Amino acid sequence: MMVKLVDTHFHLDYYRNHRQLYKIINELEQYTLCMTSSPGIYMSCRKLYQETEYIKFALGFHPCERSLSSKDFSDFIILANQASYIGEVGMDFSSDTYISKSLQIGYFKKIVEICAKRNILMSVHLRKSENEAIEIIKEYPPKKCIIHWFTGSVSQLNQLISLGCYFSINANMIQNRNASKKILKIPKDKILVESDGPFTKINGKRFLPEYLQEEYLKIGKYLNLDDFSFCIYNNFINLFEI
């Protein structure tokens, strides 16, 4: 089996030189799932770029984007019944400047229901909202749910594991003592790699696609997995075949 690198959570549209990075990712043959934060941005990306074997775009509705309206969510629902990937979506109760808690819960419940029904992959952002998310995921169990940059408790982690969730890990997470201990508790067959570029750094530099190999080396070394690249690629393939 030819093993290739996979980045399950990347924000192409946040880079000024996104056209150049689009070309580089394809040249490097790195499977990359590009997140968006709203239906409008998703549509702009799809119009600007053709999806390739290595680059796919996910339809997003980010809970921290307080400018998003009910009209935007109506647009999201229409697109969600056609999209192949969903993200970045989720709930974030860490600030009262985000979308209201009640709306976030309602939106997330509908998103998870659609993803479970259509069996499509979703990348989920959770902050101070893990308990509510767990109850929703229990009600509408999705088979292809990736928890992005998990920051909850060990108990919440175990519940999400029991619900079949995958977890995308970036190199910045292993530098945080509390987060790194939790990473060790994730079953190896439920781990994926994300960069969350441009919101992370590798060796003090803002993440770029050419640094993904270094991302793998750092996480693999921390987990003490010599066959880390094979493990992640295998998990990625298994997730898509569910």
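The values are calculated or read from the model by the stated rules, or taken from the named source; none is laboratory data. The structure displayed is predicted, hence computed values, not measured ones. Ideal geometry is used to build each Cβ from the backbone, glycine not excepted, and the neighbour counts take in all protein chains shown.
So, of the residues in the stretch 7-36 that are under 20 Å from Tyr233 (Cα atoms) and of a type in the set (D, E, K, R), which turns out to be farthest from the chain's Cα centre (by Cα)?
Taking the candidates together, the pick is Glu27.
Residues being among the small types (Gly, Ala, Ser) and surrounded by 15 or more Cβ atoms within 10 Å (Cβ to Cβ): count how many of those fall in the stretch 41-63.
Residues flagged as among the small types (Gly, Ala, Ser) and surrounded by 15 or more Cβ atoms within 10 Å (Cβ to Cβ) within the stretch 41-63 amount to 2.
Please indicate, with yes or no, whether at least one residue in the stretch 182-194 is among the acidic types (Asp, Glu), within 18 Å of Ser229 (Cα to Cα) and either crowded, with 16+ Cβ neighbours inside 10 Å or touching a strand residue (DSSP E or B) at 6+ places or on another chain (Cβ under 8 Å) (or both).
So far as the stretch 182-194 goes, yes, one or more of its residues are among the acidic types (Asp, Glu), within 18 Å of Ser229 (Cα to Cα) and either crowded, with 16+ Cβ neighbours inside 10 Å or touching a strand residue (DSSP E or B) at 6+ places or on another chain (Cβ under 8 Å) (or both).
Assuming Lys182 fulfils every condition listed in (1) part of a helix (DSSP H, G or I); (2) at pLDDT 95 or above; (3) in contact with a helix residue (DSSP H, G or I) (Cβ under 7 Å, 6 or more places away or on another chain); (4) of a type in the set (Lys, Arg) apart from one, which condition is it?
(2)
Working carefully through the options Gly40, Gly60, Gly90, find the one that is touching a helix residue (DSSP H, G or I) at 6+ places or on another chain (Cβ under 9 Å), among the small types (Gly, Ala, Ser) and on the phi > 0 side of the Ramachandran plot.
Gly90
For the stretch 76-92, indicate whether the set of residues that are surrounded by fewer than 22 Cβ atoms within 10 Å (Cβ to Cβ), charged (D, E, K, R) and within 30 Å of Glu29 (Cα to Cα) is non-empty.
Looking through the stretch 76-92, none of the residues is surrounded by fewer than 22 Cβ atoms within 10 Å (Cβ to Cβ), charged (D, E, K, R) and within 30 Å of Glu29 (Cα to Cα).
For the stretch 143-154, which residues satisfy the criterion of being assigned to a loop (DSSP other than H, G, I, E, B) and in contact with an Asp or Glu (Cβ under 9 Å, 6 or more places away or on another chain)?
Trp149, Phe150, Thr151, Gly152, Ser153
Which of the residues belonging to the stretch 224-235 are within 10 Å of Ile191 (Cβ to Cβ), crowded, with 18+ Cβ neighbours inside 10 Å and not polar (S, T, N, Q)?
Scanning the stretch 224-235 gives Phe228, Cys231, Ile232.
Which residue is surrounded by the most Cβ atoms within 10 Å (Cβ to Cβ), if the candidates are limited to the stretch 1-39 and must be of a type in the set (Phe, Trp, Tyr) and not in a helix (DSSP H, G or I)?
Looking at the filtered set, the residue picked out is Phe10.
Go through the stretch 195-214 and give me each residue that's surrounded by 20 or more Cβ atoms within 10 Å (Cβ to Cβ) and in contact (Cβ under 8 Å) with a residue 60 or more places away in the chain.
Ser195, Asp196, Gly197, Pro209, Leu212
Run Lys128 past the list (1) in contact with a Phe, Trp or Tyr (Cβ under 6 Å, 6 or more places away or on another chain); (2) buried (at least 16 other Cβ atoms within 10 Å of the Cβ); (3) among the basic types (Lys, Arg) and report the number of the one that doesn't hold.
Failing condition for Lys128: (2).
Please verify whether the stretch 154-176 includes one or more residues that are surrounded by 21 or more Cβ atoms within 10 Å (Cβ to Cβ), among the small types (Gly, Ala, Ser) and either under 22 Å from Leu33 (Cβ atoms) or without any contact (Cβ under 8 Å) to a residue 12 or more places away in the chain (or both).
Yes, the stretch 154-176 contains at least one residue that is surrounded by 21 or more Cβ atoms within 10 Å (Cβ to Cβ), among the small types (Gly, Ala, Ser) and either under 22 Å from Leu33 (Cβ atoms) or without any contact (Cβ under 8 Å) to a residue 12 or more places away in the chain (or both).
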